[in-house]
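Here is the structure we will look at, set down as structure tokens.
The values are calculated or read from the model by the stated rules, or taken from the named source; none is laboratory data. Owing to the predicted nature of the structure, the values given are computational and were not obtained by experimental measurement. Ideal geometry is used to build each Cβ from the backbone, glycine not excepted, and the neighbour counts take in all protein chains shown. All accessible areas refer to the heavy atoms of the entire protein, side chains included, with ligands and DNA or RNA removed. Shrake-Rupley method; radii C 1.70, N 1.55, O 1.52, S 1.80 Å.
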Amino acid sequence: MRKYLFTIISLMAVLTVSAQDSAEQLLQKTVSKMQKDGALAITLEAEIRDDNGTDIVDMELKLQGNCFYVKEEDDMLWFDGKTMWRANDFGEGVEEIYISEPTPEEKARYDIIALLSKHQGFSVSGNGTDTFTLTATNDEHSVAGIYSVTAKVDPTTYAFKTIRIVFAEELGNISANVKITGYNPGQTFDKKTFICPVSQYDDVEVIDLR
């Protein structure tokens, strides 16, 4: 289940789309708030379900421009706008670090703003008050296997409160309920925040895919 966590984080961080009628107004106000908030430090609690049961994971996100850092219990991901590092911890500390320079197509998986602003393959609905839903109508344009995303926001501040994600059927019966437990805007992060400190990890296998 956890291989989908970084997709969830990406959606929580930068979700936006062109919508219709009142849902568009709600969504644009939500997006505008996040853009004005600048660099963000967010903590999340994700309840991920599949046919094997439920997994509850706490996650941390730092986001600044197109750079981000993601941490959950077993894995970390850094992206400085060009290079991506993924560190895998199998229970006894980080054992593997993968380094890559994502292709434009791979970057698009994390650039949810660009993807969903075009809303190719998604229909949009919502009550216009505090909830909007994106539903994939074209599997070929589905974002990283996402079937639907339902977001609930605070109707007075337009801050995200919860998001429910349902993955495409072919990936299995997988869904995630995500709750924001901490939201701190206006942060100032050093560039090193988004670069993996590879030298600080002992006895780690570095797999350079560039």
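Here are some notes:
- Proximity of backbone amide H atoms, modeled 1.01 Å from N, is registered between Ile174 and Phe167 at under 5 Å, excluding neighbours fewer than 5 places apart on the same chain.
- Only protein heavy atoms count here; under a 1.4 Å probe, Asp89 has an accessible surface of about 40 Å².
- With bins 5 Å wide beginning at 0, the percent of Cα pairs of the stretch 51-101 falling in each bin runs 5, 18, 24, 22, 17, 10, 4, 1.
- Nearby aspartates and glutamates by direct alpha-carbon distance to Lys62 (threshold 18 angstrom, same-chain neighbours under 8 apart not counted): Asp37, Glu45, Glu72, Glu73, Asp74, Asp75, Asp80, Asp111, Asp190
- For the stretch 32-93 versus the stretch 157-188, the spacing of their alpha-carbon centroids is 11 Å.
- Gain upon complete extension [Arg210, Asp37; 0.36 nm per residue less C-alpha separation]: 58.9 nm
- What the Cβ-Cβ distance of Arg49 and Asp190 gives, at R0 = 30 Å and to the nearest 0.05, is a FRET efficiency of 0.25.
- Of Lys71/Lys192; Lys36/Lys179; Lys33/Lys152, pairs whose Cα-Cα distance is over 19 Å: Lys36/Lys179
- Accessible area (Å², per residue) of the stretch 140-191, counting only protein heavy atoms and a probe of 1.4 Å: 55 Å²
- Heavy-atom accessible surface of Arg49, to the nearest 10 Å², is about 110 Å², with a 1.4 Å probe and all protein chains retained.
- Apolar share of the accessible surface for the stretch 50-106: 43 percent from carbon plus sulfur atoms, 1.4 Å probe.
- ³J(HN,Hα), Karplus 6.51/-1.76/1.60, whole Hz, each residue of the stretch 125-130, x for Gly, Pro: 9, x, 8, x, 10, 8
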